[in-house]
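J.: Would you mind keeping the following structure in view while I ask a few things?
The values are calculated or read from the model by the stated rules, or taken from the named source; none is laboratory data. Model, not experiment: these values are computed from the prediction. Cβ coordinates were reconstructed from backbone atoms using ideal geometry, including for glycine residues, and neighbour counts include every protein chain displayed. Surface accessibility is based on the protein's heavy atoms, side chains included, excluding ligands, DNA and RNA. Shrake-Rupley method; radii C 1.70, N 1.55, O 1.52, S 1.80 Å.
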Amino acid sequence: MAENKPKPKPKIQKESVPIPKQKPEERRRNFNEVALGYTEEQALAEANRCLQCPKPQCIQGCPVEIEIPAFIKLIREGKFEEAVKKVKEKNSLPAICGRVCPQEEQCQKFCIVGKVGDPVSIGRLERFLADWERSIDVKALRDAPATGKKVAIIGAGPAGLTAAADLARLGHKVVIFEALHLPGGVLVYGIPEFRLPKSIVRAEVDYIVKLGVELKLGYLIGRTFTIPELLKYKGFDAVFIGTGAGLPQFMGVPGENLGGIYSANEFLIRVNLMKSYAFPAYDTPIRIGKHVVVIGGGNVAMDSARSALRLGAEQVCIVYRRSRDELPARKEEIENAEEEGIICKFLAAPTRFIGDEKGWVKAMECICMELGPPDESGRRRPVPVKGSEFVMDTDTVIVAIGRTPNPIIQSTTAGLEVTKWGTIVTDENGKTSLEGVYAGGDIVTGEATVISAMGAGKKAAKAIHEYLMKK
Amino acid sequence: MYKILTNKELAPKIRLFEVYAPEVAEKTLPGQFIILIIGETGERIPLTIAGYDHKKGTIKFVFNEVGKTTKQLGLMKEGEYIETITGPLGNPSEIKNFGKVLCVGGGVMIAPMFLQVQALQKTGNKVTTVVGARIKDLLFFEDEMKVYSDKVYVATDDGSKGYKGLDFLKDLLFKEKFDRCVVMGPVVMMKAVSEMTKPFGIPTVVTLTPIMVDGMGMCGVCRVMVAGKMKFGCVDGPEFDGHAVDFDGLIKRQRLFLPEERLSSLLWEKLGGCSCGGK
Ligand SMILES: Cc1cc2nc3c(=O)[nH]c(=O)nc-3n(C[C@H](O)[C@H](O)[C@H](O)COP(=O)(O)OP(=O)(O)OC[C@H]3O[C@@H](n4cnc5c(N)ncnc54)[C@H](O)[C@@H]3O)c2cc1C
Ligand SMILES: Cc1cc2nc3c(=O)[nH]c(=O)nc-3n(C[C@H](O)[C@H](O)[C@H](O)COP(=O)(O)OP(=O)(O)OC[C@H]3O[C@@H](n4cnc5c(N)ncnc54)[C@H](O)[C@@H]3O)c2cc1C
Ligand code: SF4
Ligand code: FES
């Protein structure tokens, strides 16, 4: 465990308190949460590693600027309730962010302790607080009188939920329209139970409903109502679009329509949203073969691979066209995946799928890649190596090569400016080209993170509030 | 929650539902569909809207009891509630004055075809309608169709009523000139009719029913190849050019989950066909 090296000046505990986890050999076959969270003692020990810097670097790494040292200090003092309040001043979904934020790229990347050892585990402390709060009874804070203004939020993902919470707190009447039958966006249909239990998302949503937000499920805006209709006929004074990047991409290689080839979205929606892992108790089926191949290297690929393993696949192999260094998934999740026995095949990409007589995939032909000069994303571009094709057996393929914005809103809202990638154009406060219409999250940035979507929801809520109060 | 106002048997295992869903009804146009979920453990199933009443705030759909969800739905009583109905989904049909239109409806899809026939007739088209089914007992809406069509033909697979099979259409196409053909029904039927109209160069629209999950462009399970390009049935369709669709690919993809569907249905029946609505 933590050792103390004699160092001049502040005595720094170099190693962070590890988070208890389910053992790899157990967890690879169940959908229970992998990381179990800190106990009170562990949280106190970790909080004590913080140096309470006078000029804290961590805050600049946090997209919503949580006052990190302040809440850590409150933990040390055992004032958990006040600590939660401190976090919630800036972040209304801490139980979620504590679990899925890429802290290693954000706050923890800047933490000064990280220069000599492990950075302070800010995310785990945030999670500890949120979980502690859930164990007691939460009162929703609504601190402003009703304004009589009405705002429509489209999409119940992190961007929409955050904007809704902030606007409700400011006294506006808020209605969320969500196309799916459950709220949460990627948090319910994408990120699996073992990384983010659905009960947590439900608790956060319940909290937002307690603030007085009305949740309308099964409303596809653009079809059931359009944005101009909401503003003109349904009595809304402003609209926030948080519809995410929900459109799956395919590779366009021969054989892609064979049975057993899923987009990651289809696979994850079946498993997470429709609970296919409990088929036939739940009605939506999924079929997982013995040899599963996942194409891609992001969080979506990791989640798909780890879910496939839990559904009983004998072998799961991730095929990624770049090398390990370029894997875009969170480090922690890559390690988790490898511990569970998932194999990674780097520098390869599929060229063709081969089917059996029944129309199911039975093999995949790949070509080897090498890394050329960097492309526009700054990562080195993979270049196919001529004549290096090889064939691997597989009976289930999950394509996780990226998702693009949902086009339904854009195509049914005249005058809404969009980019050539289909994302919505906004100013830095989320204002679109249409009066009273704001947007934020993946629909504006393309695929990004939970916390950046929340940050965008917050900014837009502030701008919408200003707009409504002037109107 | 969406209240069931009518549950009526049109033919053996074919039921018509009328449901109170004012916000869906408000926007519905012919050619669109809904996704419904019976209850918490239910799957999302797509059904074509076969009627709507903007004033009453209701929609109608007609379905075949083929598997677990549709059988379970069929058992639900008037006054009970369906948990979620999302819609209207998909692009509405192109309805304008084309001139002379041949409408071919098969099986359960005769019901939504009736909506098309009405709309086409009202926009000034001369409509010739064909209603087809496996056997005579499964036919319905023949009289309703007559009200809005210049001529109605009947066909059955076994010849128990009207023409035997659809081969008579070839003669009809030789005799009469049509400006457009609309086909809704089983994939094999849509394929056969599209092949017949192709040599005559009659623009032919088919309504595709691939397997769907979300029905709004998120999962890609509904992908079909049309003129060599990948299209999503739910958002790019459900109507496509019958002369460009890869029907054989569609047929294969529709059967992907056959063993699981059978299992689900069988288990449910073995357990006495629970009527708890998924609670
Ligand atoms: C499998 C997976 C794993 C991920 N893992 C991580 C992670 O570990 N850490 C991290 O930070 N990020 C992760 N991400 C990314 C992160 O989840 C997204 O960046 C974030 O959810 C974006 O939030 P959003 O609110 O913009 O959109 P979404 O979460 O996509 O929510 C959009 C919502 O809008 C609804 N909607 C869409 N169109 C309409 C319409 N027309 N009418 C009504 N509703 C509509 C959708 O149904 C959806 O519920 C992951 C993503 C995926 C897919
Ligand atoms: C856009 C669209 C519109 C549709 N409109 C109607 C409608 O108006 N009336 C109606 O009765 N059905 C319609 N269908 C088909 C309907 O959705 C399926 O019959 C239903 O999902 C079956 O559910 P189940 O659980 O009862 O049967 P399952 O157990 O899922 O399936 C039972 C049998 O039905 C077949 N099947 C499953 N899905 C489909 C499908 N998408 N198309 C054809 N066969 C299928 C299976 O292969 C199997 O043989 C439509 C489908 C789509 C995509
Ligand atoms: S940078 Fe690290 S040590 Fe300094 S205040 Fe932030 S968390 Fe504490
Ligand atoms: S049903 Fe999921 S994309 Fe069409």
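J.: For the range B:99-130, how many residues meet the condition of being under 13 Å from the mean Cα position of the chain (by Cα) and part of a helix (DSSP H, G or I)?
T.: So the answer is 10.
J.: Across the range A:326-349, which residue is most open to solvent (accessible area, probe 1.4 Å) among those that are touching a Lys or Arg at 6+ places or on another chain (Cβ under 9 Å) and over 23 Å from residue A:311 (Cα atoms)?
T.: A:328
J.: Right, another one. What are the pairs, 6+ residues apart or on separate chains, where a residue within the range A:449-471 that is among the aromatic types (Phe, Trp, Tyr) has its Cβ under 9 Å from a residue that is surrounded by 22 or more Cβ atoms within 10 Å (Cβ to Cβ) and modelled with pLDDT of 95 or more?
T.: Once the first residue is among the aromatic types (Phe, Trp, Tyr) and sits in the range A:449-471, its partners that are surrounded by 22 or more Cβ atoms within 10 Å (Cβ to Cβ) and modelled with pLDDT of 95 or more give A:467/A:238; A:467/A:438.
J.: On to the next question. Only one of these conditions is not met by residue A:388: (1) hydroxyl-bearing (Ser, Thr, Tyr); (2) free of Cβ contacts under 8 Å to residues at least 60 places away in the same chain; (3) open to solvent by less than 20 Å² (accessible area, probe 1.4 Å). Which number is it?
T.: (3)
J.: Under 6 Å between Cβ atoms, which residue pairs at least 6 apart in sequence (or on different chains) link something in the range A:227-249 that is touching a residue at least 12 places away in the same chain (Cβ under 8 Å) with a partner that is within 16 Å of ligand 2 (Cβ to nearest atom)?
T.: A:246/B:218; A:247/B:217; A:248/B:220
J.: Of (1) more than 27 Å from residue A:429 (Cβ to Cβ); (2) more than 10 Å from every other protein chain (Cβ to nearest Cβ); (3) in a helix (DSSP H, G or I); (4) not β-branched (Val, Ile, Thr), residue A:193 satisfies all except one. Which?
T.: Condition not satisfied by residue A:193: (3).
J.: Follow-up. Select from the range A:286-322 the residues that are over 18 Å from residue A:346 (Cα atoms), open to solvent by less than 10 Å² (accessible area, probe 1.4 Å) and either part of a helix (DSSP H, G or I) or within 14 Å of chain B (Cβ to nearest Cβ) (or both) and list them in ascending order.
T.: Once the filter is applied, which keeps residues that are over 18 Å from residue A:346 (Cα atoms), open to solvent by less than 10 Å² (accessible area, probe 1.4 Å) and either part of a helix (DSSP H, G or I) or within 14 Å of chain B (Cβ to nearest Cβ) (or both), the range A:286-322 yields A:307, A:308, A:309.
J.: Give me the residue from the range A:265-285 that is in contact with a Phe, Trp or Tyr (Cβ under 7 Å, 6 or more places away or on another chain) and more than 8 Å from chain B (Cβ to nearest Cβ) and, out of that set, surrounded by the most Cβ atoms within 10 Å (Cβ to Cβ).
T.: A:271
J.: Let me ask something additional. Select from the range A:237-254 the residues that are buried (at least 20 other Cβ atoms within 10 Å of the Cβ) and part of a loop (DSSP other than H, G, I, E, B) and write down the one among them that is modelled with the lowest pLDDT.
T.: Filtering the range A:237-254 for residues that are buried (at least 20 other Cβ atoms within 10 Å of the Cβ) and part of a loop (DSSP other than H, G, I, E, B), the one modelled with the lowest pLDDT comes out as A:246.
J.: Would you check which residues across the range A:394-437 are under 22 Å from residue A:150 (Cβ atoms) and of a type in the set (Val, Ile, Thr) and list them?
T.: Residues satisfying the conditions are A:409, A:412, A:413, A:424, A:426, A:432, A:437.
J.: Give the number of residues within the range B:229-245 that are open to solvent by less than 60 Å² (accessible area, probe 1.4 Å) and either more than 10 Å from ligand 2 (Cβ to nearest atom) or away from chain A (no Cβ under 14 Å) (or both).
T.: 8
J.: Right, another one. Could you say which residue among B:174, B:178 is open to solvent by 60 Å² or more (accessible area, probe 1.4 Å) and among the aromatic types (Phe, Trp, Tyr)?
T.: Just a single option satisfies the conditions, and that option is B:174.
J.: Quick one: residue B:48 ticks every box in (1) within 14 Å of chain A (Cβ to nearest Cβ); (2) of a type in the set (S, T, N, Q); (3) more than 22 Å from residue B:267 (Cα to Cα) except a single one, so which number is it?
T.: Failed condition: (1).
J.: Report those helices (runs of 4 or more DSSP H) wholly inside the range B:131-221 carrying at least 1 residues which are at pLDDT below 90 and within 14 Å of chain A (Cβ to nearest Cβ).
T.: Those helices (runs of 4 or more DSSP H) do not exist here; none qualify.
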